[in-house]
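Student: Mind looking over this structure? Questions follow.
The values are calculated or read from the model by the stated rules, or taken from the named source; none is laboratory data. Predicted, not measured: the structure shown is a model, and the values here were computed from it. With ideal geometry, Cβ positions are generated from the backbone for all residues, glycine too; neighbour counts draw on all protein chains shown.
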Amino acid sequence: MVPTDDRRYAPATQRNREPILGVLERVLPQAAGSILEIASGTGEHAVFFAPQLAPRLWLPTDPDPAARQSIAAWRQSQPAANLGAPLAVDVSQPDWWLALPKFSPALQAIVAINLIHIAPWQACLGLLAGARALLGPGGILYLYGPFLQADRPTAPSNLAFDDYLKAQNPHWGLRSLETVITAAQPLQVVKILAMPANNLSVILQL
Ligand SMILES: C[S@@+](CC[C@H](N)C(=O)[O-])C[C@H]1O[C@@H](n2cnc3c(N)ncnc32)[C@H](O)[C@@H]1O
């Protein structure tokens, strides 16, 4: 019997994984904690980051069963002792964090790459609520993606992307960085870093 391969591919992950890893290595606490990845998608980031960030425990999640199958398939093809099995997490569900297993080691960071503009605003609010509920003092929330910024013009490629997203779903679209930061309180901004292709890394801390 020919084995099935559920691995999915998102070419952007090949381009952004090194720059994102560079930021994570700088901003994550040194202690060996757990890192909860929200919206892991294909799982390509998870299998790339986990071995590089060992001994931290990387926990991928996605609400989409096909995405979780892809993550599991990538995990099978590139096993890492510190990469967990994919969990079903939908941050737009109320109190989503209550259904998670207990973290061991303790949770030190939540990572959400390319989520909040490709989901309704409610998902961003749910992500922020979960970060407030799950993280302890010093815990990190890492956001990656394109944003609108009040004090600078939006790159034409990002404006076109915003139009494209809204055509897919009127509730999707680039988020205002200032609005996200305000909604995240009491999480505070630690760093905002410009990334390739007009993306940002936004690092928030409780
Ligand atoms: C554009 S993909 C990004 C995947 C991956 N992080 C990456 O950068 O390649 C968006 C992902 O968000 C997930 N997603 C959408 N709504 C979500 C929600 N409410 N909670 C958690 N994940 C969600 C989708 O299933 C999808 O896998």
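Student: If you scan region 177-187, which residues turn out to be touching a strand residue (DSSP E or B) at 6+ places or on another chain (Cβ under 6 Å) and either of a type in the set (Val, Ile, Thr) or in a strand (DSSP E or B) (or both)?
Tutor: Once the filter is applied, which keeps residues that are touching a strand residue (DSSP E or B) at 6+ places or on another chain (Cβ under 6 Å) and either of a type in the set (Val, Ile, Thr) or in a strand (DSSP E or B) (or both), region 177-187 yields only ILE181.
Student: So, in region 137-186, of the ones that are touching a residue at least 60 places away in the same chain (Cβ under 8 Å) and surrounded by fewer than 19 Cβ atoms within 10 Å (Cβ to Cβ), which residue ends up farthest from SER201 (Cα to Cα)?
Tutor: Going through the qualifying residues, I end up with PRO137.
Student: Out of region 126-176, which residues are assigned to a strand (DSSP E or B) and either within 27 Å of GLU25 (Cβ to Cβ) or aliphatic (A, V, I, L, M) (or both)?
Tutor: Once the filter is applied, which keeps residues that are assigned to a strand (DSSP E or B) and either within 27 Å of GLU25 (Cβ to Cβ) or aliphatic (A, V, I, L, M) (or both), region 126-176 yields ILE140, LEU141, TYR142, LEU143, TYR144, GLY145, PHE147, LEU148, ARG175.
Student: Kindly list the number of the only condition in (1) within 10 Å of the ligand (Cβ to nearest atom); (2) not in a loop (DSSP other than H, G, I, E, B) that fails for ASP90.
Tutor: All conditions pass for ASP90, except number (2).
Student: Also: Taking the conditions exactly as written (under 13 Å from LEU204 (Cβ atoms), modelled with pLDDT of 95 or more and of a type in the set (Val, Ile, Thr)), does ILE113 satisfy them or not?
Tutor: In short, no.
Student: Just give me the residues in region 151-197 being under 14 Å from HIS117 (Cα atoms) and of a type in the set (Lys, Arg), in sequence order.
Tutor: Within region 151-197, LYS166, ARG175 meet the criteria.
Student: If you don't mind, another one. Does SER34 satisfy the condition of being within 24 Å of TRP97 (Cβ to Cβ) and either in contact with a His (Cβ under 8 Å, 6 or more places away or on another chain) or away from the ligand (no atom under 11 Å from the Cβ) (or both)?
Tutor: Against the criterion (within 24 Å of TRP97 (Cβ to Cβ) and either in contact with a His (Cβ under 8 Å, 6 or more places away or on another chain) or away from the ligand (no atom under 11 Å from the Cβ) (or both)), SER34 qualifies.
Student: So which of LEU206, LEU200 ends up being touching a residue at least 12 places away in the same chain (Cβ under 8 Å) and more than 25 Å from ALA99 (Cβ to Cβ)?
Tutor: Sole residue among the options that is touching a residue at least 12 places away in the same chain (Cβ under 8 Å) and more than 25 Å from ALA99 (Cβ to Cβ): LEU200.
Student: Another question, then. Quick one: which residue in ALA119, ALA123 is part of a helix (DSSP H, G or I), within 14 Å of the ligand (Cβ to nearest atom) and under 19 Å from VAL202 (Cα atoms)?
Tutor: Details: ALA119 fails: part of a helix (DSSP H, G or I).
Only one candidate qualifies: ALA123.
Student: Kindly provide the set of residues from region 1-56 that are within 21 Å of ALA67 (Cβ to Cβ), free of Cβ contacts under 8 Å to residues at least 24 places away in the same chain and polar (S, T, N, Q), ordered by number.
Tutor: THR4
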